[in-house]
Structure formats: structure tokens, C-alpha cells
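The values are calculated or read from the model by the stated rules, or taken from the named source; none is laboratory data. Note that this is a predicted model, so its numbers are computed, not measured. Heads up, the Cβs are rebuilt from the backbone with ideal geometry, glycines too, and the neighbour counts pull from every protein chain shown.
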Amino acid sequence: MDAVFMGKLGLVVYPLDANDVRVVREYSAKYSGPSVQDLSALLLAKKMGAILITRDGLLQDAANNEGVKWDHSMWAIEQMVIEKVLTPQEAVDAVKTIVPKEAEVQGWLET
């Protein structure tokens, strides 16, 4: 995904401060499955009161333990279509790129 497309979607890079890094390290000790990057996203979702987008079961478990709401990538793409951030065709293209097998199962793609 290029920077222009990411900007169109409203994606922003949020830096972590020293305290955030400390919390991510604590998460890393507490949750052995998710990556440091995933745990950083968990922390940001918690701090911002945002929904964490993940298909990773171990990260979902960590989110549940931390009181963070989560949902699947299909939900996020659907919300972008509803909010007219993506056209339906752009959503289909994104799904084909991001999660083709899940998309087939969900009925998003014509076979």
C-alpha cells in the first residue's frame, strides 16, 4: 500500500513515547504470542478508545484481557464503504489483496 492511498484512508502514524514502550514491554511479557508491532497497535487502540482490527486469535485474546474492542478486517473495509472512503470496487480490490480466502468465505468476491 503506498503512502498516498494510506493517506486517502486516513491512516496516520502515531509515535510511542517512553511510557508507551514500557507498557508494550509489559504486554510482551504478559502475552507471548503477538508481535511487538501488534502489541503496539493494541496499546494505541486502548489509549485512543479505538477498535483494534485483527484476525490474530492471540491478539484478540490480549485485547479481550485489556478491555479493548476488536473486529476483523472485513468490518473495517465495510465501514470504509459505508463512510464513502472507498468505493465498492476499491473495497473489492482491497479484499482481493488483503484477505482473498476470507473474502471468498464471506461471499465478498465472485468466484
(Q) Going residue by residue through region 59-70, is there one that turns out to be in a loop (DSSP other than H, G, I, E, B) and free of Cβ contacts under 8 Å to residues at least 12 places away in the same chain? (A) no
Q: Tell me which of these ALA29 doesn't satisfy, since it passes every other one: (1) small (Gly, Ala, Ser); (2) assigned to a helix (DSSP H, G or I); (3) under 22 Å from VAL92 (Cβ atoms).
A: (3)
Q) SER73 versus (1) among the polar types (S, T, N, Q); (2) surrounded by 11 or more Cβ atoms within 10 Å (Cβ to Cβ); (3) modelled with pLDDT of 95 or more: which is the lone unmet condition? A) (3)
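Answer with yes or no whether LEU86 is touching a helix residue (DSSP H, G or I) at 6+ places or on another chain (Cβ under 7 Å), over 30 Å from VAL23 (Cα atoms) and in contact (Cβ under 8 Å) with a residue 12 or more places away in the chain. Don't jump to the end; show me each part of the working.
Details: touching a helix residue (DSSP H, G or I) at 6+ places or on another chain (Cβ under 7 Å): yes; over 30 Å from VAL23 (Cα atoms): yes; in contact (Cβ under 8 Å) with a residue 12 or more places away in the chain: yes.
For LEU86, the condition - touching a helix residue (DSSP H, G or I) at 6+ places or on another chain (Cβ under 7 Å), over 30 Å from VAL23 (Cα atoms) and in contact (Cβ under 8 Å) with a residue 12 or more places away in the chain - is met.
For region 1-21, enumerate the residues that are loosely packed, with under 10 Cβ neighbours inside 10 Å and either in a helix (DSSP H, G or I) or modelled with pLDDT of 85 or more (or both).
Within region 1-21, ALA3, VAL4, PRO15, ASP17, ALA18, ASN19 qualify.
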Q) Within the bounds of region 58-69, is there any residue that is loosely packed, with under 11 Cβ neighbours inside 10 Å and over 21 Å from VAL95 (Cβ atoms)? A) yes
